[in-house]
1. Is it fair to say E46 is open to solvent by 60 Å² or more (accessible area, probe 1.4 Å), modelled with pLDDT of 85 or more, closer than 30 Å to R116 by Cβ and not polar (S, T, N, Q)?
2. Has segment 30-38 got at least one residue that is assigned to a strand (DSSP E or B) and in contact with a Lys or Arg (Cβ under 7 Å, 6 or more places away or on another chain)?
3. Can you give me the number of residues within segment 107-123 that are exposed (fewer than 13 other Cβ atoms within 10 Å of the Cβ), outside any loop (DSSP other than H, G, I, E, B) and among the hydrophobic types (A, V, I, L, M, F, W, C)?
4. Only one of these is charged (D, E, K, R), open to solvent by 100 Å² or more (accessible area, probe 1.4 Å) and modelled with pLDDT of 95 or more: R54, R28, R19. Name it.
5. The conditions are (1) among the β-branched types (V, I, T); (2) surrounded by 12 or more Cβ atoms within 10 Å (Cβ to Cβ); (3) free of Cβ contacts under 8 Å to residues at least 12 places away in the same chain, and V97 fails exactly one of them. Which is it?
6. Quick test for you: out of S126, S70, pick the one residue that is open to solvent by 100 Å² or more (accessible area, probe 1.4 Å) and among the small types (G, A, S).
7. Is there a residue being at pLDDT 90 or above and closer than 30 Å to L34 by Cα anywhere in segment 124-131?
Amino acid sequence: MTTRAASDRRNARREQRKRSPLEQLPFRQLRNTLPPIEMLSAEQIEQIHETSMRIIEEIGLDFLDDEALSIWEQAGAKVDHANQHVWIDRNLLLDAVGKAPAEFTLRARNPAKNLRVGGNNIAFVSTSGTAFAADLDNGRRPGTLADVH
C-alpha cells in the first residue's frame, strides 16, 4: 500500500512539473511604469526621419499586393502597377500615419482577456514562426515549425 502511495505522489509531482507555473497566474494587462530609454538624440531621430521620407518619396517602395497598390493610387500616391512600385509624398504618408490611433484594443474571444496595445501597455504575442534558420551544416534556409520547437 505504501509503495502505491509513493508511486502516486511521484506521478503527481511529475505531472505538476509538466505544467507551467504561468498557467496558474490570473490574467492581467501588464504596463510599463518606467520612462522610455532614449537611445538616440533628437537630431539623430530627425536625420532618420528625413532619410526615410526621402527614400519613400524618391526611391519608393515595392507593394506586392494589387489591392495595396490601388489603395495608394486612390490616396494620391504615384503608382507603377507593372513593377508594383509606389512613390509616396511625405505629406500623404504623414497624414495617413496621423490617423492611426495611439492605442487600440486587441479583442479576445473572452472579453475579460482583451488587451490594450500602445501607450505604456505591454503585450506578449506569439509569432508565426522563424522566417529563417541557420545551422553549420546547411547554412541559412527558410525556417520551419521544427526550427521553432
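1. yes
2. No.
3. 2
4. Within the list R54, R28, R19, the selection yields R54.
5. Status for V97: all satisfied but (2).
6. The conditions single out S126.
7. The answer is no, given that none of the residues of segment 124-131 is at pLDDT 90 or above and closer than 30 Å to L34 by Cα.
The values are calculated or read from the model by the stated rules, or taken from the named source; none is laboratory data. Treat the numbers as computed from the prediction; the structure is a model and nothing was measured. Every residue, glycine as well, gets a Cβ built from its backbone with ideal geometry; the counts of neighbours run over all protein chains shown. What goes into the accessible areas is simple: the full protein's heavy atoms, side chains included, and nothing from ligands, DNA or RNA. Shrake-Rupley method; radii C 1.70, N 1.55, O 1.52, S 1.80 Å.
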